[in-house]
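Peer 1: One structure coming up, written as structure tokens, with questions to follow.
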Amino acid sequence: MEGAGGLTVVGTPIGNLADLSPRAAECLRGADLVACEDTRRTAVLLRHAGSGARMVAVHRHNEAARTADLVGRMETGAHVVLVSDAGMPLVSDPGARLVRAAVAAGLPVDVVPGPSAVTAALAVSGLGEGDGFAFAGFVPRKGAERRAALDALAGSPVPVVAYESPQRLPALLADLAARMPDRPVAVCRELTKMHEEVLRGTAAELAARVTEPPRGEIAVVVAPAPPADGDAATAAADGPLREALAVLLDAGLGAGRAAEVAALLGAAPRNRAYRVALEVAEERRRST
């Protein structure tokens, strides 16, 4: 960019450098300074983009100290580009302080959107329906905060995307299985990279399957909670679907698997079938 200095927030690839957009590459080439978390990782990105811009490390431990200096440079005409190690900055990364300070100083702030592990995981999971979603960041490690976060996740009316470290993934799946064993879950590993993998199943199935820490970056997508109370009109409209699901549940299938079979037979979309299956299963439990 030419003219007055300012700040541009740039989305970068989450694994595959080919996902860097032409506009993002152009912005990196035109930068006076690139504010980044890890200069070693960003150096690879800059070489790929053909940029010789100088890098400045800005991470959670020094963001407060670096912000004033970077704003001062922008006020004297410098164009600063803010990137994270991967994906869209500020989603689960530092940088918000710098953006707020630039805005407060009256400097222009713009964005070059790019890849995001959050939206990529939601899309590939198949658990979103276009009705919104929630991003939980990293689930707290222990104590009351973890219990509250898991309870909120279990009760969410929309899909929830969370990040987790490979070392803590088995524990997270075990906790999800304890709260909602039949809830569909997708574990997305190394998205866009050579060893990309998506594991799908119920929380109980995945907890039994993933007992050792995997390798790579992890995003977990959890399907929304079923409605607490379906109204009479909805229940009547779902009559044939409910009957089919009842037969499948009687045959010993869990709610998640019954929903998959019903969806394969064309009875309803999988997410709708799953929500109705949970309702039918709960009604049957109450009646016994």
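Every number in this text was worked out from the coordinates using simple rules, so none of it is lab data. Everything quoted here is computed from the prediction, not taken from an experiment. FYI the Cβ positions are ideal-geometry reconstructions off the backbone, even for glycines, and counts take in every protein chain you see.
Peer 1: So, in Å, what gap is there between the alpha-carbon centers of the stretch 64-95 and the stretch 1-52?
Peer 2: 12 Å
Peer 1: May I pose another question? Can you list residues whose amide H is under 5 Å from Gly201's amide H, if they're 5+ apart or on another chain and H is modeled 1.01 Å from N?
Peer 2: Distant-sequence amide H within range of Gly201: Val185.
Peer 1: Then there's this: Quick check on the chain: of the DSSP beta bridges with both residues there, what percent are antiparallel, nearest 5%? Numbers along the way, then the final one.
Peer 2: Details: 17 of 36 bridges.
Roughly 45 percent of the DSSP beta bridges within the chain come out antiparallel.
Peer 1: Amide H neighbours of Ala134 under 5 Å, counting only residues 5+ apart in sequence or on other chains, H built in-plane at 1.01 Å?
Peer 2: Val160, Val161
Peer 1: Moving on to the next point. Taking the beta-carbon count within 10 Å as an exposure proxy, list Arg200, Arg97, Arg286 from fewest neighbours to most. Could the numbers behind the result be given before it?
Peer 2: Values: Arg200 18, Arg97 15, Arg286 7.
Fewest to most other Cβ atoms nearby, the residues stand as Arg286, Arg97, Arg200.
Peer 1: Tell me whether the stretch 232-287 comes out rounded, prolate or oblate; compute the Cα gyration tensor, take square roots of the eigenvalues as a ≥ b ≥ c, and use a/c under 1.5 as the rounded threshold. Write out the running numbers ahead of the final one.
Peer 2: Numbers: a/c = 1.68, a/b = 1.04, b/c = 1.61.
In terms of gyration-tensor shape, oblate.
Peer 1: For Leu206, Leu98, Leu249, Leu264, which order do you get if you count the other beta carbons within 10 Å of each Cβ and list the fewest first? Don't skip to the answer; put the middle values down first.
Peer 2: Numbers: Leu206 23, Leu98 26, Leu249 17, Leu264 10.
By the 10 Å Cβ count, ascending: Leu264, Leu249, Leu206, Leu98.
Peer 1: Only counting other Cβ atoms within 10 Å, I'd like Tyr163, Tyr274 sorted with the fewest neighbours first. Please report the intermediate quantities before stating the final value.
Peer 2: Details: Tyr163 18, Tyr274 28.
In increasing order of surrounding Cβ atoms, one gets Tyr163, Tyr274.
Peer 1: Along the Cα→Cβ direction, 7 angstrom out, place labels at Leu90 and Met194. What is the inter-label distance in nm?
Peer 2: 3.5 nm
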